[in-house]
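Asker: Here you go, one structure.
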Amino acid sequence: QVQLVESGGGLVQAGGSLRLSCAASGSIFSINLMGWYRQAPGKERELVATAISGGSTNYADSVKGRFTISRDNAKNTVDLQMNSLKPEDTAVYYCNAIVVWTMPRVVRNHWGQGTQVTVSS
């Protein structure tokens with residue numbers, strides 16, 4: 001009943017920038033948290049950045065100062081601006097949202113389908 005659709009991945013050279021976008025739709029009463037995770041080949045999925053509805057943000061140490069998460073509560077969207085990209089940022093990036101459904105009034109954790117980000121050296 002809730003879908004997350006990501007866009008914006010691709011191939012970029014080291015030092016370049018990319019912007020990822022994620023839009024949530026469906027039976028949404030509110031969204032407590034939206035964020036981005038990533039998974040590189042052979043590694044576990046890891047947190048990149050999150051933003052709660054009150055505005056607070058959280059970043060992995062590896063991306064602090066390079067990535068910026070921004071959220072539009074009215075549009076149920078979250079973006080990730082990635083600057084100064086490094087080859088080690090190469091991964092599939094997943095949008096995540098903790099959503100309060102309209103009906104029934106339950107809280108569910110949702111994931112997008114993932115978008116590939118490849119940074120060449």
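The values are calculated or read from the model by the stated rules, or taken from the named source; none is laboratory data. Here the structure is a predicted model, which means the values were calculated and not measured. Ideal geometry is used to build each Cβ from the backbone, glycine not excepted, and the neighbour counts take in all protein chains shown. Surface accessibility is based on the protein's heavy atoms, side chains included, excluding ligands, DNA and RNA. Shrake-Rupley method; radii C 1.70, N 1.55, O 1.52, S 1.80 Å.
Asker: Would you point out the residue of the range 109-121, among those that are in a loop (DSSP other than H, G, I, E, B) and closer than 13 Å to Glu6 by Cβ, that is most open to solvent (accessible area, probe 1.4 Å)?
Answerer: Restricting to residues being in a loop (DSSP other than H, G, I, E, B) and closer than 13 Å to Glu6 by Cβ, the top hit is Gln113.
Asker: Within the range 73-89, work out how many residues are acidic (Asp, Glu) and in contact (Cβ under 8 Å) with a residue 60 or more places away in the chain.
Answerer: Number satisfying all stated conditions: 1.
Asker: Tell me whether the range 81-88 contains one or more residues that are closer than 22 Å to Gly10 by Cα, among the acidic types (Asp, Glu) and in contact with a Phe, Trp or Tyr (Cβ under 9 Å, 6 or more places away or on another chain).
Answerer: No: the range 81-88 contains no residue that is closer than 22 Å to Gly10 by Cα, among the acidic types (Asp, Glu) and in contact with a Phe, Trp or Tyr (Cβ under 9 Å, 6 or more places away or on another chain).
Asker: List pairs: first in the range 90-108 and open to solvent by 20 Å² or more (accessible area, probe 1.4 Å), second of a type in the set (D, E, K, R), Cβ under 8 Å, 6+ apart or cross-chain?
Answerer: From the range 90-108, the pairs are Val92/Arg38; Tyr94/Glu6; Tyr94/Arg38; Tyr94/Arg45; Ile98/Arg108; Trp101/Arg108.
Asker: Moving on to the next point. So, in the range 1-36, how many residues would count as being within 25 Å of Thr102 (Cβ to Cβ) and crowded, with 20+ Cβ neighbours inside 10 Å?
Answerer: Adding up the residues that qualify gives 8.
Asker: Still on this structure: Going through the range 37-72 one residue at a time, which ones are touching a residue at least 40 places away in the same chain (Cβ under 8 Å) and open to solvent by less than 80 Å² (accessible area, probe 1.4 Å)?
Answerer: Tyr37, Arg38, Gln39, Ala40, Val48, Thr50
Asker: Just give me the residues in the range 73-89 being open to solvent by less than 10 Å² (accessible area, probe 1.4 Å) and in contact with a Lys or Arg (Cβ under 6 Å, 6 or more places away or on another chain), in sequence order.
Answerer: The one that is open to solvent by less than 10 Å² (accessible area, probe 1.4 Å) and in contact with a Lys or Arg (Cβ under 6 Å, 6 or more places away or on another chain): Val78.
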